[in-house]
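Quick notes on the structure that follows.
Every number in this text was worked out from the coordinates using simple rules, so none of it is lab data. For clarity, every value in this text was computed on a predicted model and none was experimentally measured. Here Cβ is always computed from backbone atoms with ideal geometry, including for glycine, and neighbour counts include all displayed protein chains.
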Amino acid sequence: MPTTYEMRPAIWADIRPEQWQDWHWQQQNRLRSVEALEAVVALSDAERAAFAASSEAFRVAITPHYATLMEASCDPAGPTRCPIRLQALPHPGELVEYAFELDDPLAEEAHMPVPGITHRYPDRVLFYASHNCPMYCRHCTRKRKVSDPTTAASRTQIAQGLDYIRRTKTVRDVLVSGGDPLTLSDARLGEILHGLREIEHVEVIRLGTRNPVTLPQRITPEFCEMLRGVRPLYLHTHFNHPRELGEDAARALRMLLDAGCVLGNQMVLLKGVNDDPETVLELNRKLLIHGCRPYYMLQCDMARGITHFRTPLSTGLRIVEYLRGRIGGMGIPDFVVDLPGGGGKIELSPDYIIDRKPCEIEGVIGEQITFQNWAGETFEFVDLADSSS
Ligand code: SF4
């Protein structure tokens with residue numbers, strides 16, 4: 001597979017490989033305006049209009065790496081079908097408002113005992129380390145604060161968060177997230193992770209990041225060395241389409257594995273991007289090749305301005321059904337709906353039971369259940385009655 005450096009658009013022809021590989025260079029050269037974007041890809045009239053209308057509400061920033069993955073041409077008259085462009089470029093749908101949309105669909109702000117910590121389940125907290133990201137994904141569920149520099153986590157806030165976790169002995173599992181915590185320096189993120197590792201009752205540390213997708217150059221040997229000092233670390237990343245997992249991302253995943261991270265992927269189901277079973281199958285096969293387990297397939301939330309990305313629940317169920325039988329269980333993520341209002345995650349799965357009737361066989365009382373497998377074949381199973389009831 002070629003690297004994005006090898007595929008880079010003409011505008012970056014003079015950039016040396018070490019510059020391209022430098023994550024600071026990638027950050028500094030992010031595409032933020034229509035003019036900058038048009039030097040890299042052709043925009044349709046609809047994309048240009050959507051940019052003008054919605055980039056104020058939610059900023060645009062696209063790393064040269066991620067921009068290189070976009071289809072350079074477009075249908076000037078029609079909507080884009082490129083899964084990378086759909087995630088990175090503003091869409092007219094962002095400005096259409098619906099009464100059911102919510103600013104904070106998961107009620108994360110309502111469950112904050114101290115600023116920057118969401119504590120909903122007794123044993124787990126979500127710790128916001130930064131509200132910046134290398135790229136602002138158009139489907140982001142935290143649009144209310146991500147990309148807004150006035151909401152960034154200060155040093156004091158981070159210290160308060162660590163202090164809250166230290167004195168809350170029920171917390172065993174901490175997910176460090178954002179925004180993207182990898183926008184912090186190694187030293188600053190290292191302070192947070194080491195601080196958590198020193199708390200005796202914190203047994204599990206997780207890191208949520210989309211950097212392996214949008215800025216894989218951020219995964220440096222120095223960064224991995226820092227992670228090695230806090231292992232084991234569960235790192236959740238966010239690949240949504242197989243095209244995102246090219247040579248650069250694969251290298252980043254290899255380095256994270258070598259540093260002792262346990263890798264999982266949280267895909268969001270997005271209309272036009274990955275809402276067909278073959279795309280998810282291809283993505284999940286690639287993820288497993290690179291040591292990253294498909295962990296969740298998340299139903300797109302009811303966040304404001306992202307309804308155009310949403311799919312019916314039946315789409316997710318159809319995808320799970322398709323995966324079964326075509327990839328081992330490790331490649332089948334939990335299809336999850338994060339309930340609005342802070343209800344938490346629930347898992348949906350296809351119903352494989354097509355009939356059930358009471359039965360008694362040689363004195364054993366139970367139910368005869370008819371299952372239908374992934375290939376449409378039916379099988380009888382005798383389920384025993386619960387003898388304790
Ligand atoms: S990386 Fe995550 S937090 Fe940042 S914009 Fe994308 S979805 Fe939102």
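In table form, for the structure just shown:
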{"item": "Hydrodynamic radius (Kirkwood) for the range 26-155, which is based on Cα pairs only, to one decimal in Å", "result": "16.3"}
{"item": "MRE, 222 nm, helices only [DSSP H, n ≥ 4, -39500 (n - 2.57), over the chain, to nearest 500]", "result": "-8000 deg cm²/dmol"}
{"item": "Residue order, fewest to most surrounding Cβ atoms within 10 angstrom, among D163, D22", "result": "D163, D22"}
{"item": "In degrees, nearest ten, helix 247-258 long axis to first principal axis of the chain (Cα)", "result": "60"}
{"item": "Whole-Hz ³J(HN,Hα) from phi, Karplus 6.51 cos²θ - 1.76 cosθ + 1.60, for the range 122-129, glycine and proline x", "result": "x, 9, 10, 10, 9, 10, 7, 9"}
{"item": "Dipole of the chain, positive end: most advanced residue of I158, A57, H238 [Cβ charges, Cα centre]", "result": "I158"}
{"item": "Residue exposure sequence - K357, K169, K286 - by fewest surrounding Cβ within 10 Å", "result": "K357, K169, K286"}
{"item": "Neighbour-count ranking [beta-carbon atoms within 10 angstrom, fewest first] of L313, L339, L287", "result": "L313, L339, L287"}
{"item": "Cα-based Rg of the range 86-240 normalised by 2.2 N^0.38 Å, two decimals", "result": "1.06"}
{"item": "Charge dipole (debye, nearest 20) of the range 4-95; +1 at Cβ of Lys and Arg, -1 at Cβ of Asp and Glu", "result": "140"}
{"item": "Extension gain (nm, one decimal) between Q157 and L384, 0.36 nm per residue minus Cα-Cα", "result": "76.3 nm"}
{"item": "For the range 323-348 versus the range 208-270, the gap between their alpha-carbon centres in whole angstrom", "result": "21"}
{"item": "Length added when fully stretched, R326-A42, from 0.36 nm per residue minus Cα-Cα", "result": "98.5 nm"}
{"item": "Per-residue ³J(HN,Hα) for the range 111-119, Karplus 6.51 cos²θ - 1.76 cosθ + 1.60, θ = phi - 60°, Hz, x for Gly and Pro", "result": "10, 9, x, 9, x, x, 10, 9, 10"}
{"item": "Projected label distance in nm at D186 and L317, using a 7 Å step from Cα toward the beta-carbon", "result": "4.9"}
